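Asks: If you scroll down you'll find the structure; I have some questions about it.
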Amino acid sequence: MIGTMSISAVSEYMPAALVGKDVSFSRVCTDSRQLAAGDLFVALNGENFDGNRFVAQVAEKHAAAAIVSEAQDVAIPQLVVADTAEALGWLGHINRKRSRANIVAITGSQGKTSVKEITGSILSQQFNVLVTRGNLNNNIGAPLMLLELEEQHQQAVIELGANAGGEIAWTAKITDPHIVLINNAAETHLEGFGSLAGVVQAKGEIIDSAPSTHTVVLNADDPNTRQWQERAGRRRCVTFALDASADYRAVNLTLTANGTRFDIESARGRIACFLPLPGRHNVANALAAAALCLEAGATPASIYDGLARVVAVPGRLCPVDGINNSRLLDDSYNASPSSFRAAIDVVAAINAGSQVRRVLIMGDMAELGSLTVKAHRDVGLYADACGFDELWSTGGCSELASESFGEGGRHFDDKDELINFAVDNMSANHIVLVKGSRSAGMDDVVQALRNKERI
């Protein structure tokens, strides 16, 4: 946090009643277990918890004050508001407005976390950078990241996620970015968005946060880009693409199991690059990050060095040494129909000799609504069409994929049964893709099947 802030500052943005004297603080905490003396405690509420219950506890730990939805009988000052999560957002916004850092904000249905990490890798070659940690990308996480902005930060990379319309409108508003990027829109979280059109609309909310003098970076390969360009109005739009005509293009791709060589071509010239991640889709993510960074002031040297130093993110098509000298690709963090196709394409493109056996270990995809049955069947059909030898599934819906896959498809009642079978059958000629939605917990399968001697 930059300097100190008074508890009453929030009242400039939302109705609030101060109980006790106005005090200052230099750190905000939402977890009573992590609170230190002098911190401001924000009592967040949810369906299954009430942060107000912990105010007495933080008072005993000498918190400076608390933001609450109901006044508590404690000695510390309190700011009473209708929505403590909104108050947290305004706290993050106040700190962001104090910062002189260039703020870039990233959203998209797929790849946004990879784009965030690659963007951070590039910008850190040249600037002091704050990058969103983990999945702190929602209405709670985004303001917590904004509160981490310090005087020394020159750039900030803020990831904005959503499960429903209106969420990005709020987090983008408090983030107030200088440059925004939409990586793509796909059929994810449909129970919250309703349809792909709902996803497109929601991702476009990030554009509305950018003043007319700021820049919008868009994926020209995404069929929805025209709609986002129209939404951008007079804002400056720049595009990137692997296939379509764009301001930034990736050309001369050479794909291997260990990474990809390619050139970035633009009006600025040509930049030769190496990305130590497999797959064409990772090149697309790297290109998105490079375009964003060049617009944010990065040099070609920073682009090259930043891409070369990218480290695979666990759960996102991360190469892992498997048991019995097999090769795992851990893509267990999340899943959607299009991300399944992209991951299958990566494994299918690996040139590992005629003896290799490609296996998909699949868990359920969540939040697909009426598309659930078709989406799972389509994964099995696509894996078969791309030359996979076997598909091992677990979960209530993934059995549809092992059935549509045909010969070589096998379903297991639970993950333990699947793991036991895999341990007995995986060998050095196996390349195994492990993927499913976060709720499927396929990271448990990865941990069970990795080569513990090489960790």
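The values are calculated or read from the model by the stated rules, or taken from the named source; none is laboratory data. These figures come from a predicted structure and were not determined experimentally. Quick reminder, even Gly has a Cβ in these numbers, built from the backbone with ideal geometry, and neighbours come from all protein chains shown.
Asks: Return the pair list, or none, for Cβ contacts closer than 6 Å from residues in segment 259-280 that are among the aromatic types (Phe, Trp, Tyr) to residues that are part of a strand (DSSP E or B), at least 6 apart or on different chains.
Replies: Sorted first by the residue in segment 259-280, then by its partner, the pairs are 262/250; 262/252; 262/253; 262/273; 274/261.
Asks: Quick test for you: out of 249, 226, 234, pick the one residue that is at pLDDT 95 or above, surrounded by fewer than 18 Cβ atoms within 10 Å (Cβ to Cβ) and in the same structural domain as residue 122 (by TED's automatic domain parsing). Explain how you work it out, then say what you get.
Replies: Numbers: 249 fails: surrounded by fewer than 18 Cβ atoms within 10 Å (Cβ to Cβ); 234 fails: at pLDDT 95 or above.
Testing whether each residue is at pLDDT 95 or above, surrounded by fewer than 18 Cβ atoms within 10 Å (Cβ to Cβ) and in the same structural domain as residue 122 (by TED's automatic domain parsing) leaves just 226.
Asks: Just to be sure I understand, how many residues within segment 390-427 are closer than 17 Å to residue 340 by Cβ and touching a Lys or Arg at 6+ places or on another chain (Cβ under 8 Å)?
Replies: Adding up the residues that qualify gives 10.
Asks: On to the next question. Assess whether residue 263 counts as being surrounded by fewer than 18 Cβ atoms within 10 Å (Cβ to Cβ) and either assigned to a strand (DSSP E or B) or of a type in the set (Phe, Trp, Tyr) (or both).
Replies: Answer is yes for this residue.
Asks: On the given criteria, is residue 76 over 26 Å from the mean Cα position of the chain (by Cα) and of a type outside the set (Lys, Arg)?
Replies: yes
Asks: Considering only segment 160-169, state which residues are assigned to a helix (DSSP H, G or I) and either under 16 Å from residue 103 (Cα atoms) or among the aliphatic types (A, V, I, L, M) (or both).
Replies: Result: 168, 169.
Asks: Pick from segment 11-28 the residues that are under 11 Å from residue 65 (Cβ atoms) and not basic (Lys, Arg): which of them is surrounded by the most Cβ atoms within 10 Å (Cβ to Cβ)?
Replies: 28
Asks: Go through segment 132-162 and give me each residue that's surrounded by fewer than 20 Cβ atoms within 10 Å (Cβ to Cβ), without any contact (Cβ under 8 Å) to a residue 40 or more places away in the chain and either touching a strand residue (DSSP E or B) at 6+ places or on another chain (Cβ under 9 Å) or more than 22 Å from residue 28 (Cβ to Cβ) (or both).
Replies: Listed by number, the residues that qualify are 135, 136.
Asks: Which one is farthest from the chain's Cα centre (by Cα) among residues in segment 314-373 that are surrounded by 17 or more Cβ atoms within 10 Å (Cβ to Cβ) and at positive phi?
Replies: For segment 314-373, the residue satisfying everything is 367.
Asks: Can you name every residue in segment 350-370 that is under 17 Å from residue 381 (Cα atoms) and small (Gly, Ala, Ser)?
Replies: 363
Asks: Residue 280 is checked against (1) buried (at least 20 other Cβ atoms within 10 Å of the Cβ); (2) among the basic types (Lys, Arg); (3) under 22 Å from the mean Cα position of the chain (by Cα) and fails just one. What number does that condition carry?
Replies: Tallying (1) buried (at least 20 other Cβ atoms within 10 Å of the Cβ); (2) among the basic types (Lys, Arg); (3) under 22 Å from the mean Cα position of the chain (by Cα), residue 280 fails exactly one: (1).
Asks: Still on this model: For segment 128-139, check the following and say yes or no: at least one residue is modelled with pLDDT of 95 or more, more than 15 Å from the chain's Cα centre (by Cα) and not polar (S, T, N, Q).
Replies: Yes, there is a match, as at least one residue in segment 128-139 is modelled with pLDDT of 95 or more, more than 15 Å from the chain's Cα centre (by Cα) and not polar (S, T, N, Q).
Asks: For segment 225-242, give me each residue that is among the charged types (D, E, K, R) and either touching a Lys or Arg at 6+ places or on another chain (Cβ under 9 Å) or part of a helix (DSSP H, G or I) (or both).
Replies: Within segment 225-242, the subset among the charged types (D, E, K, R) is 226, 230-231, 234-236.
Result: 226, 230, 231.
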